[in-house]
Amino acid sequence: MKGQLTVKNLTRHYRLRQRGNLFARTKTLKAVDGLTFDVAPGEMLGIVGESGSGKSTTARLLLGHISATSGEVVFGGEKVGAVPDLAWRRMRRRMQMIYQDPLGALDPRITIGEQIGEPLIVHFPDITRDARRAKVRAVMGNVGLSSHHGDRFPHELSGGQRQRVIIARALVMEPELLVCDEPVSALDVSVQAQVLNVFQDVRARNGFTGVFISHDLKVVRQIADRVAVMYLGRIVEIGRPDEVFHQPLHPYSRALVSAVPRKGRSARERIILAGDPPNPVNVPPGCPFHTRCPQVKPVCRIERPELMSEGGRAVACHLVNNPSTARVAVADGEAA
Amino acid sequence: MAIEQDGLSTDGSVFTEKSGLRAFLQTWPPMVILAIVWLGLMVFIAIFAPLLTPYDFMAVDVLARLKPPVFFGGTFNHVLGTDQLGRDVLSRAIASIRVSITIALCATLISTIVGVTLGFIAAYFRGWVDQVVLTIVDAQLAMPFMIIAIAVLAFLGNSLPIFVMLLGLYGWEQVTRIARGLAISANTQGYAAAAREIGASPGRIYLRHILPNISATIVIAMTLNIPGVILLESSLSFLGIGLQPPQTSLGNMVGYGRDYIQSAPWIMLMPSAVIVVTTLSVSIMGDWLRDRIDPTVK
């Protein structure tokens, strides 16, 4: 049974203390700040955004690897906690993660075959050795590893092969929820395509619910059913990939999409954002994007736009959601 | 200006083939080979001691007292001479090696198990458990082990099991510290986090993933502990509170042979030489093992 993933008002704050000052006030870094979204059973949600926008924190929160400051994650009717007790460990049978750094996530002293089979040993201790081996071989075949790779150690494989080992280890349990944190960003383009094909094959066969995090819009467009754009720990736009990527509504999404190089488009059409994203410790009041927004209106500096959905598409922007207020605000601004 | 190219081989390869003997000696230095051969001999003697002794090590022959070794005026009846009661020194040395090696290995095994267990417990629970373990470690470090050993032996009397367990407490605090530190740093590595996120139990994470990854350092700590135990056992036996006669050990032989150091020096020189060479061999091998096992040294 596949489950639905429901995220309600999820936040994760980190407290920071300034170095070298004993009496300094602690500051709060809002890595993830109030995420609310659903992923339907069998759906693949893509999350895009620039570095530091809270994508990886979101991934770890969804699986309960780190605890949320507030809000909750519910998968298949069960609340996902972050205390690694027995129930939490049982839940790992249903949800797995694919890591960005494959070499770091593999034990250097254990052969590939055993590492792929390890979730089976952990969750199904009754399974016989031969059955486990057969299963591991089958999964390795699915991700394009030959069976002789099973006796190798992680450092003897190439980067793409290691990433496929990580994918095989996550898939061997046939998880219902798979969270992929930049699974292909470390791979070269040809291997990326292979790995993405593996994903789509397995999805067609097992149909897991997925969250796919990437900064590569082309990859997300290929694999996701729905895509969310994150900026400074918040979702600014969510919708079907063809809509979001062909007619982005939020100014940030527009800038992001225009940054993808495309043939036959002059460089002048590119929207170049000024400056870096603001420090997440001091998120500006109002719309967090107003410091870089090319279409900023006075109201954006005061009031934070809410994510308003309309027919499966949601945008957090005053310009889109209530253009009249924005215009009125402009009029006020001119009058003042 | 011509570039000197004498160093390059004729086929243009930048790698030069080493001769077989040089390559062999580079991986297996002669000192290491000697040390390993000696330790192998010691283990062999420890296992087959009853078959190797020409005489019973406790057999007294008063007519053949204080006979010198074979090239110092003795006969082949007693190759290494006899002691003050006419007991064959070679037989006693073989029996002593068996006892001392067994004690050293058992004690080191015990201290390693105790140390790794406590270290992992401290690393897993952290917080106050960690503090308690570290406090016990510090208390142990603050007290000379010799004094503890003398006190324990004075109160509990002496038997082989008590003696082995007592020596098994020698050096546990160092293993605890090493295991705790390594486990804490291994825990932050990706593979430990990944194992946890697969759903593996803490026992599995520590024994299946962390222990193999830190085993190199633990093995080296063990090899450093063995000479310490041999010397401690010898010192205690030398003081007369270790193994009691008619049991024998290397330190015991040195202790009782010191009365005859002027008239019959072979009684104590033989076991002393074994102690020195064995501890030296273990240290050499430990050094070499560290270089071999640790991939960062290569």
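A short reminder: the numbers here are calculations on the coordinates, not readings from a lab. The shown structure was predicted, so the numbers you read here are calculated from the model rather than taken from an experiment. Cβ: placed from backbone, ideal geometry, glycine included. Neighbour counts: every protein chain shown.
Working note: 222 nm ellipticity from helices only, DSSP H runs with n ≥ 4, each -39,500 (n - 2.57), summed and divided by the residues of chain B, gives -22000 deg cm²/dmol to the nearest 500. Couplings 3J(HN,Hα) of the stretch B:233-249, computed from phi: 4, 4, 5, 5, 5, 4, 6, x, 10, x, 5, 9, x, x, 4, 9, 8 Hz, in residue order, whole Hz [Karplus 6.51 cos²θ - 1.76 cosθ + 1.60, θ = phi - 60°; x for Gly and Pro]. Residues B:22, A:240, A:60, arranged from fewest to most other Cβ atoms within 10 angstrom of their Cβ, appear as B:22, A:240, A:60.
Using a cutoff of 8 angstrom between alpha carbon atoms and counting only pairs six or more residues apart, the relative contact order for the stretch A:106-172 works out to 50 percent.
Find how many whole Å separate the alpha carbon centroid of the stretch B:100-121 from the alpha carbon centroid of the stretch B:141-179. The stretch B:141-179 and the stretch B:100-121 have Cα centres spaced 11 Å from each other. Placing +1 on the Cβ of every Lys and Arg and -1 on the Cβ of every Asp and Glu, with nothing else charged, gives the stretch B:22-293 a dipole about its Cα centre of roughly 460 debye. Net charge dipole, the protein assembly as shown: roughly 1440 debye, given to the nearest 20, about the Cα centre with Cβ charges of +1 for Lys and Arg and -1 for Asp and Glu. Among A:230, A:308, A:44, the largest mean-square fluctuation in a Gaussian network model of chain A, built with springs joining Cα atoms closer than 10 Å, belongs to A:308. Quick one: helix A:159-171 against the long Cα principal axis of chain A, what's the angle to the nearest 10°, folded into 0 to 90? In chain A, helix A:159-171 runs at an angle near 80 degrees to the longest axis. Using 20 Å as the Cα-Cα cut-off, could you pick out the over-long pairs in A:8/A:30; A:30/A:79; A:55/A:218; A:218/A:263? Too far apart for the 20 Å limit: A:30/A:79. DSSP bridge analysis restricted to the protein assembly as shown gives an antiparallel fraction near 60%, rounded to the nearest 5. Using the Karplus relation 6.51 cos²θ - 1.76 cosθ + 1.60 with θ = phi - 60°, the per-residue 3J(HN,Hα) values for the stretch A:284-295 come to x, x, x, 6, x, 8, 5, 5, 10, 6, x, 10 Hz, with x marking Gly and Pro. Ordering B:147, B:70, A:61 by the projection of their Cα atoms onto the charge dipole of the protein assembly as shown, which places +1 on the Cβ of Lys and Arg and -1 on the Cβ of Asp and Glu, puts A:61 at the extreme positive end.
Just the number, please: Stokes-Einstein D of chain A in µm²/s, Kirkwood Rh from C-alpha pairs, 10 °C, 1.306 mPa s.
Values: Rh = 21.6 Å.
The calculation lands on 73 µm²/s.
Please determine, in degrees from 0 to 90 and to the nearest 10, the orientation of helix A:129-142 with respect to the longest principal axis defined by the Cα atoms of chain A, where the helix direction is its Cα long axis. The helix A:129-142 is inclined about 50 degrees to chain A.
Counting only Cα atoms, the stretch B:212-298 measures 53, 22, 15 Å along its principal axes, largest extent leading. Per-residue ellipticity at 222 nm computed for chain A from its helices equals -10000 deg cm²/dmol, with DSSP H segments shorter than 4 residues left out and the rest contributing -39,500 (n - 2.57). Ranking of B:148, B:214 by neighbouring Cβ atoms within 10 Å, starting from the fewest: B:148, B:214. Arranged from fewest to most other beta-carbon atoms within 10 Å of their beta carbon, B:291, A:107 become B:291, A:107.
With angles folded into 0 to 90 degrees, how steeply does helix B:145-156 sit against the dominant principal axis of chain B? Use alpha carbons for both and round to 10. Taking the Cα atoms of chain B, the angle to B:145-156 is about 60 degrees.
Using per-residue counts of other Cβ atoms within 10 Å, averaged over each peptide, order B:195-205, A:65-75, B:50-60 from highest down.
Values: B:195-205: 19.9, A:65-75: 16.5, B:50-60: 14.3.
Per-residue mean Cβ counts within 10 Å order the peptides as B:195-205, A:65-75, B:50-60.
Could you tell me whether chain B comes out rounded, prolate or oblate from its Cα gyration tensor? Rule is a ≥ b ≥ c as square roots of the eigenvalues, rounded for a/c under 1.5, then prolate if a/b exceeds b/c, otherwise oblate. In terms of gyration-tensor shape, oblate.
State the Cα centre-to-centre distance between the stretch B:211-246 and the stretch A:94-146 in whole Å. When both Cα centres are located, 41 Å separates them.
With contacts taken as Cα pairs under 8 Å and at least 6 residues apart, chain A reaches a relative contact order of 19 percent. For a 4.7 Å threshold on C-beta separation, the list of partnerless cysteines in chain A reads A:180, A:293, A:317. Sorting A:283-289, B:175-181 by average packing, meaning the other beta carbons within 10 Å per residue, from highest down gives B:175-181, A:283-289. Which shape class, rounded, prolate or oblate, goes with the protein assembly as shown when its Cα gyration tensor gives a ≥ b ≥ c as root eigenvalues, a/c under 1.5 marks rounded, and past that a/b bigger than b/c marks prolate? The shape class here is prolate. Based on the Kirkwood approach, the hydrodynamic radius assigned to the stretch A:106-172 is 11.6 Å, with every pair of different Cα atoms included.
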